[in-house]
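Worksheet for the structure shown next.
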């Protein structure tokens, strides 16, 4: 018996060999753990690795899982996430097979998730090796001493940003030494642009809204003294195996920030 990250007890009679993944970052993790043919279903947003995106059976989106398609796959383990998937879908899926639900707020949660998933799938050695790489690489990060003021945007119409109790905030503040100007608000607030001032940087994330450089001008109008930057949302929010290479991306981003100070 296992306990997932929201406290649910999961009973597995044997090592899972028909796994359905409901979360893109966790799908990528399963691939990098070497689970191959044992993963039988993914969502339409599970774009990495590309060979799985092209060939694996898709069971809908993260917020609108096609329950009947999951039934057809006869899974013996379903892996989801408290934030990414709906409570209604999780409860429906629990009637089909054991559902392992993750709940990620910081790096410790991520490493715990990788440990537990690799143990359940009997690939603990691969999981241990991955965790060591992640910890080693994160330990090489040198945070800003000056704590530049940053607003991280994930949506427009309405404008939405990232507040506290999020993995993004944890990375920005605890690992990169930045000040999240939305850090006094919960989770993913709708932003009143007129109430933000004295920003050093505005980060426009490539996901979930696909911000591009063409959006720089409208944000520059709101924040004429800030540097507008496009940032890779996958490195900031994908809390599985992508964390191995995330520190190198963060270093390059910080180097670019320092070059325009």
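The values are calculated or read from the model by the stated rules, or taken from the named source; none is laboratory data. Treat the numbers as computed from the prediction; the structure is a model and nothing was measured. Note: ideal-geometry Cβ built from the backbone for every residue, glycine included; neighbour counts use all protein chains shown.
Please go through the range 148-157 and give me each residue that is surrounded by fewer than 15 Cβ atoms within 10 Å (Cβ to Cβ) and either on the phi < 0 side of the Ramachandran plot or touching a helix residue (DSSP H, G or I) at 6+ places or on another chain (Cβ under 9 Å) (or both), ordered by number.
Within the range 148-157, just 156 meets the criteria.
Given the options 78, 11, 59, name the one that is loosely packed, with under 14 Cβ neighbours inside 10 Å and either without any contact (Cβ under 8 Å) to a residue 60 or more places away in the chain or over 20 Å from residue 130 (Cβ atoms) (or both).
Every option except 11 fails the conditions.
Could you check how many residues of the range 201-220 are part of a helix (DSSP H, G or I) and more than 19 Å from residue 182 (Cβ to Cβ)?
Of the residues in the range 201-220, the ones part of a helix (DSSP H, G or I) are 213-220.
Cutting the leftovers down to more than 19 Å from residue 182 (Cβ to Cβ) gives us 213-214, 216-217.
The total comes to 4.
Going by the structure shown, is residue 122 over 16 Å from residue 3 (Cβ atoms), surrounded by fewer than 19 Cβ atoms within 10 Å (Cβ to Cβ), touching a residue at least 40 places away in the same chain (Cβ under 8 Å) and in contact with a helix residue (DSSP H, G or I) (Cβ under 6 Å, 6 or more places away or on another chain)? Steps first, answer last, please.
On the way: over 16 Å from residue 3 (Cβ atoms): yes; surrounded by fewer than 19 Cβ atoms within 10 Å (Cβ to Cβ): yes; touching a residue at least 40 places away in the same chain (Cβ under 8 Å): yes; in contact with a helix residue (DSSP H, G or I) (Cβ under 6 Å, 6 or more places away or on another chain): no.
It is false that residue 122 is over 16 Å from residue 3 (Cβ atoms), surrounded by fewer than 19 Cβ atoms within 10 Å (Cβ to Cβ), touching a residue at least 40 places away in the same chain (Cβ under 8 Å) and in contact with a helix residue (DSSP H, G or I) (Cβ under 6 Å, 6 or more places away or on another chain).
Identify all residues within the range 221-253 that are in a loop (DSSP other than H, G, I, E, B) and within 15 Å of the chain's Cα centre (by Cα); write none if there are none. Steps first, answer last, please.
The initial filter retains those residues of the range 221-253 that are in a loop (DSSP other than H, G, I, E, B), namely 223-226, 232, 238-240, 245.
Listed by number, the residues that qualify are 232, 238, 239, 240, 245.
List the helices (runs of 4 or more DSSP H) inside the range 84-187, counting only whole elements, that have at least 3 residues being within 17 Å of residue 240 (Cα to Cα) and modelled with pLDDT of 95 or more.
The qualifying helices (runs of 4 or more DSSP H) are 107-120, 124-138, 167-170.
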